[in-house]
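J.: One structure coming up, written as structure tokens, with questions to follow.
The values are calculated or read from the model by the stated rules, or taken from the named source; none is laboratory data. Predicted, not measured: the structure shown is a model, and the values here were computed from it. Note that we place each Cβ from the backbone using ideal geometry, even for glycine, and neighbour counts take in every protein chain shown. Just so you know, the surface numbers come from the protein's heavy atoms only, side chains and all, with ligands and any DNA or RNA stripped out. Shrake-Rupley method; radii C 1.70, N 1.55, O 1.52, S 1.80 Å.
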Amino acid sequence: VVGPGTFDVPGTVNVHHAAPNTTFTVLRRVDLNPDGVCTGATWLMLPPPNAQTLTTANGGAGALHFEITRGAPFVDGVRFDVQWRLEGNDGSILQSDCFTVTVK
């Protein structure tokens, strides 16, 4: 915990079995209506100082570690939906399901 009333999440985006040597831009969208359906229209890049991209190795795997810290309204008990998307420089798109997060 960074401080009282602060939401802090370290995370990792892992890619396996993708095309080798592909650079992916890491994006996310947040929906403050936590119903399991991501309807946010805006895809956001990771906030600085996080890296914005990952590049797969010759075997098609890659990873990006990140940390996001937010204050209100992301306080204990708040729920929201989030979805992740990777856009490759080769035109490929990898996208997660939408899932609900509860801040603790």
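J.: For the chain, what does the accessible surface come to per residue with a 1.4 Å probe? Please give it in Å².
T.: Accessible area per residue: 58 Å².
J.: May I pose another question? How much of the accessible area of the chain, probe 1.4 Å, is carbon plus sulfur, in whole percent?
T.: In the chain, the share of accessible area belonging to carbon and sulfur is 55 percent.
J.: Something else now. Would you please state which residues of the stretch 6-31 a label at residue 55 would reach in this model, taking the label point 7 Å out along Cα→Cβ and a backbone N cut-off of under 15 Å?
T.: 19-26
J.: Still on this structure, please answer the following. With +1 on each Lys and Arg Cβ and -1 on each Asp and Glu Cβ, and nothing else charged, work out how big the dipole of the chain is about its Cα centre, in Debye to the nearest 20.
T.: Using only the charged Cβ atoms, the result is roughly 100 debye.
J.: First obtain the Kirkwood hydrodynamic radius of the chain from its Cα pairs, then insert it into the Stokes-Einstein equation at 25 °C and 0.890 mPa s, and state the resulting D in µm² per second as a whole number.
T.: 168
J.: Give the relative contact order (percent, whole number) for the chain; include only Cα pairs under 8 Å separated by 6+ residues.
T.: Normalised by residue count, the contact order of the chain is 37 percent.
J.: Using a 1.4 angstrom probe with every protein chain in place, what is the largest-first accessible-area order of 76, 8, 81, 90?
T.: Result of the area sort, largest leading: 76, 90, 8, 81.
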